[in-house]
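The values are calculated or read from the model by the stated rules, or taken from the named source; none is laboratory data. Worth saying up front: this structure is predicted, and the values here are computed from it rather than measured. Please note: Cβ atoms are built from the backbone with ideal geometry, for glycine as well, and neighbour counts cover all protein chains shown.
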Amino acid sequence: MDSWMNLARVLVSLAALFTLVGAVLADLVIPATAKQHIYNPNWPPHAKFHNGQTIFLGVFLGLMALWLLWYPGSNLQMQFHLAVVVAALYWLSMLGAMLLPGTKWSDPEFHQKPLFGMPPQLFIGCVLLACLILSEILYHL
């Protein structure tokens with residue numbers, strides 16, 4: 001395996017690891033952001049259910065991407081491309097969620113400081129999706 005392929009695998013691994021732990025940390029563990037999510041007293045139980053679903057979805061997609069990427073299978077090229085797709089699904093679904101009526105990046109009672117003029121979730125998602133696109137480019141060098 002050449003150095004470009006190794007770099008591509010590292011980029012996908014980083015995106016998968018962030019997918020694996022990102023929602024757990026932001027929505028459940030870090031007090032400043034968890035109070036906006038699972039510990040938000042204004043959220044009804046069904047909203048918290050879907051937040052839990054999203055947390056576990058990130059964990060499962062991150063684990064699946066890492067397994068595809070590093071499992072010594074018989075078709076490493078296919079495994080790599082599937083790992084990229086699996087790692088991207090969580091972040092693409094976040095972008096898709098904003099197309100639905102009444103959705104916002106955060107609840108009105110919480111002010112989010114923009115990162116480079118974007119809501120933090122959008123910025124993180126764009127960075128990770130860019131890493132995944134770059135990994136595909138590097139893979140083919």
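Please verify whether the stretch 93-100 includes one or more residues that are part of a helix (DSSP H, G or I) and farther than 16 Å from ALA23 by Cα.
The answer is yes; a qualifying residue exists.
Output the number of residues of the stretch 81-120 satisfying the condition of being in contact with a Phe, Trp or Tyr (Cβ under 6 Å, 6 or more places away or on another chain) and surrounded by 15 or more Cβ atoms within 10 Å (Cβ to Cβ).
Going through the stretch 81-120 one residue at a time, the tally reaches 1.
If you take the residues in the stretch 55-66 that are free of Cβ contacts under 8 Å to residues at least 40 places away in the same chain and crowded, with 18+ Cβ neighbours inside 10 Å, which one is nearest to ILE124 (Cα to Cα)?
Ranking the candidates gives GLY58 first.
Within the stretch 128-141, identify whether any single residue is within 18 Å of ALA15 (Cβ to Cβ), at pLDDT below 95 and exposed (fewer than 14 other Cβ atoms within 10 Å of the Cβ), and answer yes or no.
Within the stretch 128-141, one or more residues are within 18 Å of ALA15 (Cβ to Cβ), at pLDDT below 95 and exposed (fewer than 14 other Cβ atoms within 10 Å of the Cβ).
Can you tell me how many residues within the stretch 77-109 are touching a residue at least 40 places away in the same chain (Cβ under 8 Å) and closer than 19 Å to PRO119 by Cα?
So the answer is 6.
Kindly indicate the residue of the stretch 8-43 that is part of a helix (DSSP H, G or I) and modelled with pLDDT under 95 and also surrounded by the most Cβ atoms within 10 Å (Cβ to Cβ) among those meeting that condition.
THR33
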